[in-house]
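To keep things clear, I will list the structure first and then write my remarks on it.
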């Protein structure tokens, strides 16, 4: 007989309900020593399983004392009981209490890892113990796929691998046939030669030939305690010697090293990984659910940031900028000087700037290129005083096309042809390559410069075709500047005598010297008289300042106004076509602009780009912000509705996520109970859940971001607009939101788990 391992002195245990008190054990006095194979018997309810749980450290006694290796245990706290279960007790259960989704090897390794053994060493030891219990070749088989006998052998291998001095077995043969059950009893008997093995059984006859001692309980009291010595055959002695060749005595490093504390996190990650691999369906369900939550929260958070600026609830006024664009800025140099090509290139290199157009004022000039889509003709006749002339009236249909200069493109944007080189050449997109080199009629309206009823038409030559399909046509800087000279270089008003409104000079290539043309429809609308300024006449140029006040002396210039031709002229009465010589008498031939249009990737980047430009020495403003006026009630209500839905939606899915995930995780409580029985610390049990949820959340969040970006690139319009508001801080909020829900779920689950494991 070996040394005493356990002494029970006056142990009492009772269970309490709201109405009753049940005494499970009363004044139990027993001692157990190494080398014993003890069978505890008794009818159902006699207290034998309760006694085994107290010995195993999974249930607490109410009175008395239990000594382990001479040390009292009544003062043990939860951490000391964990250490006791981990280092002193090996469990063998009737229901096997295996981790069914783990492999046989992983089940045995789990008992070693909770003791602080390195994974590589644990794997090697586990394989040797599987061989000892006859499970060689089943290392990678899931425990749930093993037969009943194999499961019990695996349970014994796990208990044996811990190298504990005590093995407790609760009805280990209860679910086995008689032959397999006897094999398990013999295996336990062999283990008892160097350990204390205590077995609860309802079938003593099966174990009688192998046990060394029988303890019988009745109504929680020991009624008999009999030693029954056994003899061994030579074969059994050989098997015993084999069992003595244990690999763990020299190899196992339980807690001696400083690294054992660091290995706990690594082991938590290992168990979390095994859970995911062993339960792929459950892992997929978790990830899919969290992915859906991540996608929905991504949209709600994006809407909150998108709706944070109330500017879109206001009406847009075209008084200052005819072109309604949320991504357009106007920029000037702080020193008031003209923009140079270097300025354009510097601004174009700024992050979130897509293109820069030095012809800013031209960007508010409408162009009409396609007959039937952009404009149509109506024909009639008019008594002009000179002759009855048929004329046509141009009606403009599509007023959402605005000029942009070739500053915004390069030759790399062309599919065919070349960049424009002279004033009347353009680049556009067309699938019909026959248009290349042809002339097209294009009309222009500059409401903010010429007034609402004026237009100018000109034949332009198509010299280049764009690669990407677009409705935008790109004009030369010279043409843009000619049409908008009045804005940027408006030192003069041009008028005819004192009777007519001011003219807007335009260059006609066919004119030379002082020749000029007006529309054949020219007449004085105030008097109703037809007084076309034909022949030699004087144009008066009045110099004025930026406030519109005439300053200095007027300048006169003699021109020869040619009689209109019989065919309609493509301009209104305020347009005056002159030669280059006349035009450049009063406007600079070579000029740079004082103001540029800067187009950014999204309105969401407005403040960022303005801030960068300010640091570079430029003043910039958003044309959209400048032009919005009063709030529009319908838009305000729509914005508030979206904000409310987004906030409520985030709260609802946050709470729903916690409830659903908690329900999913409650299924795992039995697995955690098994891990606790084999000695896992509560700290490690909690960490496993955190590691699992971290991986699930991380996978779902990354997948959601990738999908959202994929849809954005694919051209989903509302995502393209909304995701511009996703800055780094927004992604941080999105990630924290989703991780907060997951980690709160684990927090509440761990509180539930702690309570369940203490029951």
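The values are calculated or read from the model by the stated rules, or taken from the named source; none is laboratory data. Bear in mind the structure is a predicted one, so any value in this text is a computation, not a measurement. Here Cβ is always computed from backbone atoms with ideal geometry, including for glycine, and neighbour counts include all displayed protein chains.
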Can you name the residue in the stretch 205-228 that is at pLDDT below 90 and touching a strand residue (DSSP E or B) at 6+ places or on another chain (Cβ under 9 Å) and is also farthest from residue 173 (Cα to Cα) among such residues?
228
Of all residues in the stretch 292-326, which are closer than 22 Å to residue 407 by Cα and in contact with a helix residue (DSSP H, G or I) (Cβ under 6 Å, 6 or more places away or on another chain)?
321, 322, 323, 326
So in the stretch 387-430, with the set limited to residues that are surrounded by fewer than 12 Cβ atoms within 10 Å (Cβ to Cβ) and assigned to a loop (DSSP other than H, G, I, E, B), which one is modelled with the lowest pLDDT?
387
Among the residues listed as 711, 684, 675, the single one being over 30 Å from residue 158 (Cα atoms), assigned to a helix (DSSP H, G or I) and either touching a residue at least 12 places away in the same chain (Cβ under 8 Å) or assigned by TED's automatic domain parsing to the domain that holds residue 301 (or both)
711
Kindly check whether there is at least one residue in the stretch 645-653 that is part of a helix (DSSP H, G or I), at pLDDT 90 or above and more than 30 Å from residue 750 (Cβ to Cβ).
yes
For the structure I just gave you, tell me whether residue 126 is farther than 28 Å from residue 33 by Cβ and either touching a residue at least 40 places away in the same chain (Cβ under 8 Å) or in contact with a helix residue (DSSP H, G or I) (Cβ under 7 Å, 6 or more places away or on another chain) (or both).
yes
How do the pairs read when you match residues in the stretch 175-197 that are not assigned by TED's automatic domain parsing to the domain that holds residue 135 with residues anywhere that are in a helix (DSSP H, G or I) and at pLDDT 85 or above, using Cβ under 6 Å and keeping only pairs 6 or more apart or on different chains?
none
Scan 11, 28 and give me the residue that is assigned by TED's automatic domain parsing to the domain that holds residue 82, in contact (Cβ under 8 Å) with a residue 60 or more places away in the chain, more than 26 Å from residue 186 (Cβ to Cβ) and touching a helix residue (DSSP H, G or I) at 6+ places or on another chain (Cβ under 9 Å).
28
Need at least 3 residues that are at pLDDT below 95 per element, so show me which strands (runs of 3 or more DSSP E) inside the stretch 577-632 make the cut, counting only ones lying wholly within it.
628-631
Assess whether residue 464 counts as being modelled with pLDDT of 95 or more, touching a strand residue (DSSP E or B) at 6+ places or on another chain (Cβ under 8 Å), over 16 Å from residue 481 (Cβ atoms) and not in a helix (DSSP H, G or I).
yes
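Only one of these is at pLDDT below 85, buried (at least 19 other Cβ atoms within 10 Å of the Cβ) and closer than 26 Å to residue 55 by Cβ: 176, 196, 154. Name it.
176
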Name the residues in the stretch 657-670 that are within 24 Å of residue 291 (Cβ to Cβ) and either touching a residue at least 60 places away in the same chain (Cβ under 8 Å) or more than 23 Å from the chain's Cα centre (by Cα) (or both), would you?
657, 658, 660, 661, 662, 663, 664, 665, 666, 667, 668
Return a yes/no flag: does the stretch 483-499 have any residue that is modelled with pLDDT of 85 or more, in contact with a helix residue (DSSP H, G or I) (Cβ under 8 Å, 6 or more places away or on another chain) and surrounded by 19 or more Cβ atoms within 10 Å (Cβ to Cβ).
yes
Suppose we filter the stretch 574-597 for residues that are crowded, with 20+ Cβ neighbours inside 10 Å and more than 22 Å from residue 445 (Cα to Cα); how many remain?
1
Which residues, counting only those in the stretch 54-81, are without any contact (Cβ under 8 Å) to a residue 40 or more places away in the chain and in a helix (DSSP H, G or I)?
80, 81
Check the stretch 557-564 and report whether any residue there is surrounded by 15 or more Cβ atoms within 10 Å (Cβ to Cβ), in contact with a strand residue (DSSP E or B) (Cβ under 7 Å, 6 or more places away or on another chain) and at pLDDT 90 or above.
no
Among strands (runs of 3 or more DSSP E) entirely inside the stretch 111-220, those with 2 or more residues being within 30 Å of residue 274 (Cβ to Cβ) are 166-170, 196-200
